[in-house]
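Comments concern the structure below.
What follows is calculated from the coordinates using simple rules that are stated; it is not laboratory data. Please read these numbers as outputs of a predicted model, since none were measured by experiment. Ideal geometry is used to build each Cβ from the backbone, glycine not excepted, and the neighbour counts take in all protein chains shown.
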Amino acid sequence: AEDTGVRVELAEEDDGKKSSIALKLWVEDPKKLKGKYKDNGAIEFSYDLEKEVPEDVAQEMVETGFFHESDAKIVGKSIRDRVSLIKWKRERTIPVTE
Amino acid sequence: SSTTQVVHSAGRRFIVSPVPESRLKDQ
């Protein structure tokens, strides 16, 4: 995944079963953002792996005031990259019961 | 450490807290 300057990580352990998972997002490199950024720290939120779209969450963050509109794409991509990785790992994991 | 909660109009909760020191990138 491209280094967007925005870091998204799991905020909880992934048991591979839950549809909603906690993620944590923060800015590692503010210079990569296009708009003004006020360092809020890490933003934790719940994300539904089955129903939600990363770009919608990014837009909500913009509307909440965490990011400028011009950075919605970068934030959305960062979330998307992490979600893709989570799903990929889940597909690779063979359940213990099997 | 201080933590605040912000709720978006659509209902999503965002919990804001300081980035853990161990996760800060070397400047």
### Message
Taking the 0 to 90 degree range and rounding to the nearest ten, how far is the long axis of helix A:72-92 tilted relative to the main principal axis of chain A, both from C-alpha atoms?
### Response
10 degrees
### Query
When A:Asp29, A:Asp15 are ordered from fewest to most other Cβ atoms inside 10 Å of their Cβ, what list results?
A:Asp15, A:Asp29
### Message
Which one, A:Ile74, A:Ile21, A:Ile43, has the greatest fluctuation when you compute a Gaussian network model over chain A with C-alpha springs under 10 angstrom?
### Response
A:Ile43
#### Entry: Partner aspartates and glutamates for A:Lys36 [C-alpha distance under 13 Å; skip if fewer than 8 residues away on the same chain]
A:Glu69, A:Asp71
### Task
Mind checking which lysines have their Cα closer than 27 Å to the Cα of A:Lys89? Skip sequence neighbours fewer than 8 apart in that chain.
A:Lys17, A:Lys18, A:Lys24, A:Lys51, A:Lys73, A:Lys77, B:Lys25
### Query
Per residue of A:58-70, how many C-beta atoms from partner chains lie within 10 Å of its own C-beta, taken as a mean?
2
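Over all residues in A:34-47, what is the mean tally of Cβ atoms on other chains that come within 10 Å of each residue's Cβ? Show your work: numbers first, answer last.
Working: counts 0, 0, 0, 0, 0, 2, 7, 10, 8, 6, 7, 7, 4, 1.
Rounded to a whole number, the mean comes out at 4.
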#### Entry: Whole-Hz couplings from phi, Karplus 6.51/-1.76/1.60, listed for region A:54-66; x for Gly and Pro
x, 5, 5, 5, 4, 5, 5, 5, 5, 5, 6, x, 6
### chymotrypsin sites (Phe, Trp or Tyr not before Pro) restricted to DSSP loop in region A:20-98 with at most 10 other C-beta within 10 Å
none
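Quote to one decimal, in nm, the extra length available between A:Leu49 and A:Ala22 on full extension: 0.36 nm per residue of separation minus the C-alpha distance between them.
On the way: separation 27, 0.36 × 27 = 9.72 nm, distance 1.03 nm.
In short, 8.7 nm is gained.
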